[in-house]
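First comes the structure, then the notes that go with it.
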Amino acid sequence: MHPRFLYDLDNCAILGALDEVGDGWTLRILREAIYGLTRFDDFARALGCGRGVLSVRLKAMTAAGLIERQAYAEPGQRRRFEYHLTEKGWDLVPSLLTLGQWRERWAPSPDGPTARVTERATGRPVAALLSADARTRPLAMDEVRVALGPGAKRIG
């Protein structure tokens with residue numbers, strides 16, 4: 001008999017992570033935050049989703065500790081909020097990069113990747129990988145640069 005049927009695996013970390021961030025809109029918001037968006041109207045425009053959907057997702061992501069709200073006000077305007085990734089949110093970047101690398105391997109865009117992720121100091125491409133080598137040093141997010149790739153298409 002398969003081990004799945006001998007043990008209760010409902011407390012699996014993968015399942016817990018999917019429950020927290022597996023929603024498609026949540027992953028899209030995370031992607032846009034990695035690309036630098038912080039304002040509600042910018043998220044709505046980039047994602048093309050309804051404002052209600054976006055509001056619910058941002059509240060859930062704030063409650064989960066993935067993003068935090070920071071107040072700002074344009075001169076003469078009411079106070080509004082920006083949404084910034086927390087350390088917990090930034091820790092999801094390698095998972096999202098891995099998903100992107102999987103897609104690039106199995107269904108690459110003919111024009112190349114939309115984004116290029118490189119090490120700031122060397123310009124070398126960054127790859128998410130598994131390693132058993134204790135000497136492998138993970139890169140911190142401030143050592144990584146995300147820039148437009150050849151597959152990015154200008155709108156209009």
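Once semi-axes √(5λ) of the Cα gyration tensor in Å is calculated for the structure shown, the corresponding label among [x] 22, 18, 16; [y] 29, 20, 16; [z] 29, 23, 17 turns out to be [z]. Applying the Karplus relation 6.51 cos²θ - 1.76 cosθ + 1.60 with θ = phi - 60° to the stretch 104-109 yields 3J(HN,Hα) values of 5, 6, 9, 8, x, 6 Hz, where x marks Gly and Pro. Centroid-to-centroid, using Cα positions, the stretch 33-62 and the stretch 125-156 are 23 Å apart. Within the shell defined by Cβ-Cβ distances under 14 Å, the residues around Val126 carry a net charge of +1, with Lys and Arg each +1 and Asp and Glu each -1.
For the modelled label position 7 Å from the Cα of Leu129 along Cα-to-Cβ, which residues of the stretch 97-122 have backbone nitrogen atoms closer than 17 Å? Answer for this model: 97-102, 105, 117-120, 122. Put simply, the amide H of Gly151, placed in the peptide plane, has neighbours under 5 Å in Thr114, leaving out anything fewer than 5 places away on its chain. Considering only Ile67, Ile14, Ile29, the Gaussian network model of the chain with Cα springs below 10 Å gives its largest mean-square fluctuation to Ile14. A straight chain from Asp19 to Arg145 at 0.36 nm per residue would run longer than the Cα-Cα distance by 42.5 nm.
Look at the alpha carbon pairs under 8 Å that are at least 6 residues apart: their mean separation over the length of the chain gives a relative contact order of 17 percent. Stretched out straight at 0.36 nm per residue, the stretch from Ala115 to Ala44 would grow longer than its current Cα-Cα span by 23.5 nm. Taking other Cβ atoms within 10 Å as a rough exposure proxy, Lys59, Lys153 sort from fewest to most as Lys153, Lys59. Simple rule: put +1 on each Lys or Arg Cβ and -1 on each Asp or Glu Cβ in the chain, find the dipole, and look at Leu130, Thr62, Gly76; the Cα lying farthest toward the positive end is Gly76. Charge dipole of the chain (Cα centre as origin; +1 on each Lys and Arg Cβ, -1 on each Asp and Glu Cβ, all else neutral): 560 debye, rounded to the nearest 20. Full extension of the chain segment joining Thr136 with Leu6 gains 43.2 nm, where the gain is 0.36 nm per residue of separation less the Cα-Cα distance.
Bear in mind that the values in this text are calculations on the coordinates, not laboratory data. What you are looking at is a predicted structure, and each value in this text was computed from that prediction instead of being measured. Backbone-built Cβ (ideal geometry, glycine too); neighbour counts: all protein chains shown.
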